[in-house]
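Data block below; observations after.
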Amino acid sequence: MSRAALLVLADGRFPAGGHAHSGGAEPAVAAGRVTDAGTLESFCRGRLHTAGLVAAGLAAAAAAGADPLALDDAADARTPVPALRTVARKLGRQMMRAARATWPSPELDALAAARPKGAHQPVVLGLAARSAGLSPEDAAYAVVYETVSGPATAVVRLLSLDPFDATAVLARLAPAMDAVVAEATAAAARVPLEGTAALPARSAPLLDITAEQHAAWPVRLFAS
């Protein structure tokens, strides 16, 4: 296992397409729900404990060796909104390209062949972590960091928020990220005995609603 590989995977410059997505922050800014560092922190905390926990559980299970096709079906069941399913698979396809170039493996090749239009991004990320020799916990950390850093970076651009304030938000969320990783990896460890039903299935209805609305905008800065 290489901690340096985790840094590569979690780096915002890893060419997996995440920079083009706001994680729901763009419609939240437009609606006036995110206006400053305080409201950004509230938004990220809510996203972390819902969509972030679900994604971290899927990634941890994939890194632990669970069937990626079963996990992909589980991700579909936990993503009721067509716009978010489309985004997850587009990001998964881009992540797959980057992962296969960086850490080639038969498991990544098999998933790419089975899901040519893209598997859900957390599943691909977890399999990439496994191919890189990382642990389920590492995969979960990569996901939860992306869950909050993506919106934080987007809000810096959308509101001209001070980058120092945005970074301070991420630092304050560190204990919550630790807690979500622990919950996600514990759930993933139960998958061999309980199946994918053991994974978290929390929902964020407002994120779902605004994702559908955002997808129909004629002009937008971010893809989602």
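The values are calculated or read from the model by the stated rules, or taken from the named source; none is laboratory data. Being a predicted model, the structure only gives us computed values, none of them experimental. Using ideal geometry, Cβ is built from the backbone for each residue, glycine included, and neighbour counts are taken over all protein chains shown. To get the accessible areas, we keep the full protein, side chains included, count just its heavy atoms, and leave off ligands, DNA and RNA. Shrake-Rupley method; radii C 1.70, N 1.55, O 1.52, S 1.80 Å.
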Worksheet item: Taking the stated definitions as given, is residue 153 crowded, with 17+ Cβ neighbours inside 10 Å, more than 21 Å from residue 10 (Cβ to Cβ) and of a type in the set (Ser, Thr, Tyr)?
Response: no
Fill in: Flag for residue 50 being hydroxyl-bearing (Ser, Thr, Tyr), assigned to a helix (DSSP H, G or I) and either buried (at least 16 other Cβ atoms within 10 Å of the Cβ) or at pLDDT 90 or above (or both)
yes
Item to complete: Scan the stretch 163-195 for residues that are part of a helix (DSSP H, G or I), surrounded by fewer than 21 Cβ atoms within 10 Å (Cβ to Cβ), touching a residue at least 12 places away in the same chain (Cβ under 8 Å) and over 16 Å from the mean Cα position of the chain (by Cα) and jot them down.
Response: 165, 167, 168, 172, 189, 192
Discussion item. Suppose we keep only residues that are of a type in the set (A, V, I, L, M, F, W, C) and open to solvent by 10 Å² or more (accessible area, probe 1.4 Å) within the stretch 114-133. Which one would you say is farthest from the chain's Cα centre (by Cα)?
Written reply: 114
Item to complete: Tell me which residues, restricted to the stretch 134-150, are charged (D, E, K, R) and open to solvent by less than 10 Å² (accessible area, probe 1.4 Å).
Response: 138
Fill in: For residue 4: the one exception among (1) part of a helix (DSSP H, G or I); (2) of a type outside the set (D, E, K, R); (3) in contact with a helix residue (DSSP H, G or I) (Cβ under 9 Å, 6 or more places away or on another chain)
(3)
Response to the item:
Residues of the stretch 59-113 being part of a loop (DSSP other than H, G, I, E, B), open to solvent by 20 Å² or more (accessible area, probe 1.4 Å) and under 28 Å from residue 211 (Cα atoms), in sequence order, are 78, 79, 80
Worksheet item: Being over 18 Å from the mean Cα position of the chain (by Cα) and either closer than 15 Å to residue 160 by Cα or open to solvent by 40 Å² or more (accessible area, probe 1.4 Å) (or both), is that true of even one residue in the stretch 4-18?
Response: yes
Fill in: Candidates 203, 149, filtered to the one that is touching a residue at least 24 places away in the same chain (Cβ under 8 Å), within 15 Å of the chain's Cα centre (by Cα) and part of a loop (DSSP other than H, G, I, E, B)
203
Practice prompt. Could you tell me which of the residues 180, 155, 169 is at pLDDT 95 or above, closer than 14 Å to residue 51 by Cα and in contact with a Leu (Cβ under 6 Å, 6 or more places away or on another chain)?
Written response: 180
Discussion item. Based on this model, can you work out whether residue 129 counts as closer than 17 Å to residue 181 by Cα, in a helix (DSSP H, G or I), in contact (Cβ under 8 Å) with a residue 12 or more places away in the chain and touching a helix residue (DSSP H, G or I) at 6+ places or on another chain (Cβ under 7 Å)?
Written reply: yes
Worksheet, complete the sentence: Scanning the stretch 114-126 residue by residue, those in contact (Cβ under 8 Å) with a residue 60 or more places away in the chain and either of a type outside the set (A, V, I, L, M, F, W, C) or part of a loop (DSSP other than H, G, I, E, B) (or both) turn out to be 120, 121, 122, 126
